[in-house]
Amino acid sequence: MTITSHDMISENYLRLNISSGGLSRGSIDFISEKINFNISGRSFFKGMAAINQLELEYSDGKLIFIFKNKKNLEFNCSLKEFEKVSTHIKAYGYRKTY
């Protein structure tokens, strides 16, 4: 799955658009200190988590969300899209350094 673009819905609301195989697969919405996952298709995942309840890693063009149960979601992600995510999560309490 790939993060193809982002939308700044409002000052505290960032949406990442997800696709796979050229088809839209949903979004990841960063709303203040919460992250809402709405992903369909083979990698179906819906749910909400607080930014401070998960870890994020970015390496080799991959953005990885690591949950407390050690499961993860991995996306192909450009540096441009990652920088938007990084700016948002730092503004809302995420403290890990990259």
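We did not get these values from a lab; they are worked out from the coordinates using the rules stated. Note that the structure is predicted; figures quoted are calculated from it, not measured. All Cβ positions, even for glycine, are placed from backbone atoms using ideal geometry, and neighbour counts span all protein chains on display.
Here are the numbers for this structure:
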item: Taking the chain and dividing mean pair separation by its residue count, relative contact order in percent (alpha carbons under 8 Å, at least six apart); result: 22
item: Debye, to nearest 20: dipole size of the range 2-91, +1 on Lys, Arg Cβ, -1 on Asp, Glu Cβ; result: 320
item: Dipole of the chain, positive end: most advanced residue of Met8, Ala49, Ile89 [Cβ charges, Cα centre]; result: Ala49
item: R0 of 35 Å, Cβ-Cβ distance Ser24-Ile64: FRET efficiency to nearest 0.05; result: 0.95
item: Contour minus Cα-Cα distance for Met48 and Lys90 (0.36 nm per residue); result: 13.3 nm
